[in-house]
Amino acid sequence: MEKLKEKFMERFGIEHGKEFFSPGRVNLIGEHTDYNGGNVFPCAIDKGTFALVKKREDNKFRMYSENFEHLGVVEFYLEKLENEKEHDWANYPKGVIKMFLDGGYRIDRGFDVLFHGNIPNGAGLSSSASIEIATAVILKDLFQLDIEMTEMIKLCQKAENLFIGVNSGIMDQFAVGMGKKDHAILLDCNTLKYEYVPVILEEEVIVISNTNKRRGLADSKYNERREECEKALSELQEKLKINALGELTIEEFEENKNLIKDEVRRKRAKHAVYENQRTLKAQKELSDGNLSEFGKLMNQSHESLRDDYEVTGIELDTLVEIAWEQEGVIGSRMTGAGFGGCTVSIVRTDKVESFIKNVGEKYKEKIGYDADFYIVEVSEGARIL
């Protein structure tokens with residue numbers, strides 16, 4: 001933190017006022033279910049975005065990110081909050097400020113902020129939701145706004161959907177904002193009902209493996225998958241009174257799947273339904289302390305994302321398949337939107353060293369470049385430090 005304080009002084013010529021932290025998140029199971037009205041099971045992690053902030057006396061914002069040093073300080077004004085390509089990463093916090101203003105919250109001055117993230121960008125660990133929620137927490141504190149975290153989460157999702165133009169669900173912002181130490185969140189994305197579930201790992205740790213294949217949500221096949229699911233839903237609605245694929249049981253889906261005319265769409269819908277049921281089952285197994293059953297469900301989730309949803313790719317599949325062969329691995333799957341990014345594995349603590357060594361070597365041998373590994377803990381949500 002001392003280094004960041006020096007950097008703030010160097011960049012802005014003044015001392016900072018307050019410090020904030022907003023975590024990243026990893027989704028343990030329940031992938032591509034959020035926009036299908038299903039359940040997800042994420043947790044906040046102890047890697048994320050640090051922010052040092054000083055309120056200004058005028059309408060100017062000055063933003064600097066250590067992760068994008070080459071872009072220098074990005075400056076803009078309260079009167080002109082527009083998505084500008086050259087502002088790159090700063091469009092995320094800018095979009096949040098705009099949504100707060102549009103929502104009727106009083107923001108009458110600018111601020112200087114230095115961000116430092118220790119989540120790899122584009123790895124599928126929600127660096128974008130992390131900086132959005134960080135901005136929301138800053139706004140609430142600096143301007144003493146009367147706003148609940150759930151409302152802040154919705155405004156941040158709105159910023160990503162409307163201002164950035166990425167059609168993402170609400171899971172990322174929810175996990176980052178509502179995270180709780182040593183707990184995952186079972187979240188019903190249809191109703192926003194949620195439940196904290198203890199993640200008790202006595203002899204195991206969570207390992208995140210990064211393929212180092214960058215992916216951008218906006219230009220990935222993410223929107224294509226959403227459209228396929230929406231079309232499949234509308235075909236099912238010709239007979240069934242449902243609002244989302246997540247409302248179906250496996251039996252109901254199997255009885256009615258022939259309403260979906262196209263085989264590809266049928267596979268996409270199958271994943272959405274089965275993954276949602278797997279997630280509910282996973283929550284029960286974890287609550288009952290059946291970690292090995294939870295691990296099996298993680299593995300099945302990856303197979304479904306690979307075969308039915310087709311969002312994995314050679315890098316993720318390689319990491320997961322090598323992980324499955326390792327001693328001490330309880331479960332392993334891709335996490336995030338897919339097409340690159342990360343996997344999440346639960347590994348016995350005494351086997352972590354050999355896991356990282358073996359998976360790392362075999363991955364490089366097959367893919368040609370290194371993967372990165374992070375041991376993470378389940379953390380609190382965004383907060384003032």
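The values are calculated or read from the model by the stated rules, or taken from the named source; none is laboratory data. Everything quoted here is computed from the prediction, not taken from an experiment. Cβ placement follows ideal geometry from the backbone for every residue including glycine, while neighbour counts extend to all protein chains displayed.
Looking across Leu81, Leu52, one residue alone is modelled with pLDDT of 95 or more, in a loop (DSSP other than H, G, I, E, B) and touching a Lys or Arg at 6+ places or on another chain (Cβ under 9 Å). It is Leu81. Which of the residues belonging to the stretch 127-170 are among the hydroxyl-bearing types (Ser, Thr, Tyr) and either at pLDDT 95 or above or surrounded by fewer than 16 Cβ atoms within 10 Å (Cβ to Cβ) (or both)? The answer is Ser130, Thr135, Thr150. For the stretch 321-349, taking the residues that are part of a loop (DSSP other than H, G, I, E, B) and under 25 Å from the mean Cα position of the chain (by Cα), the one that is farthest from Val205 (Cα to Cα) is identified as Phe339.
Being in contact (Cβ under 8 Å) with a residue 12 or more places away in the chain and assigned to a strand (DSSP E or B), is that true of even one residue in the stretch 101-111? Yes - at least one qualifying residue is present in the stretch 101-111.
Apart from one condition, Ile131 fits all of (1) assigned to a loop (DSSP other than H, G, I, E, B); (2) under 15 Å from Gly177 (Cβ atoms); (3) among the β-branched types (Val, Ile, Thr); the exception is (1).
Conditions (1) more than 14 Å from Pro23 (Cβ to Cβ); (2) surrounded by fewer than 24 Cβ atoms within 10 Å (Cβ to Cβ), marked per residue:
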site: Trp89; (1), (2): yes, yes
site: Pro93; (1), (2): yes, no
site: Gly117; (1), (2): no, yes
site: Asn121; (1), (2): yes, yes
site: Leu125; (1), (2): no, no
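Of the residues making up the stretch 171-200, just one is closer than 16 Å to Ala282 by Cα, hydrophobic (A, V, I, L, M, F, W, C) and exposed (fewer than 14 other Cβ atoms within 10 Å of the Cβ), namely Ile200. Across the stretch 270-290, what is the number of residues that are over 21 Å from Leu187 (Cβ atoms) and crowded, with 17+ Cβ neighbours inside 10 Å? The qualifying residues number 1. Taken together, Ile314, Ile330 contain a single residue that is of a type in the set (Val, Ile, Thr), under 26 Å from Lys364 (Cα atoms), surrounded by fewer than 23 Cβ atoms within 10 Å (Cβ to Cβ) and modelled with pLDDT of 95 or more, which is Ile330.
Take Val26 and tell me if it is in contact with a Cys (Cβ under 8 Å, 6 or more places away or on another chain), crowded, with 23+ Cβ neighbours inside 10 Å and assigned to a helix (DSSP H, G or I). Judged against the criteria, Val26 is not a match. If you go through the stretch 349-376 and keep only what is of a type in the set (S, T, N, Q) and within 25 Å of Gly24 (Cα to Cα), you end up with just Thr349. Glu69 meets all of the listed conditions (1) farther than 24 Å from Glu2 by Cα; (2) of a type in the set (Asp, Glu); (3) in a helix (DSSP H, G or I) but one, namely (1). State whether the residues of the stretch 350-366 include one that is within 20 Å of Asn299 (Cβ to Cβ), under 25 Å from the mean Cα position of the chain (by Cα) and outside any helix (DSSP H, G or I). So far as the stretch 350-366 goes, no, none of its residues is within 20 Å of Asn299 (Cβ to Cβ), under 25 Å from the mean Cα position of the chain (by Cα) and outside any helix (DSSP H, G or I). Of everything in the stretch 333-385 that is of a type in the set (A, V, I, L, M) and surrounded by fewer than 17 Cβ atoms within 10 Å (Cβ to Cβ), the residue that is farthest from Gly48 (Cα to Cα) is Ile367.
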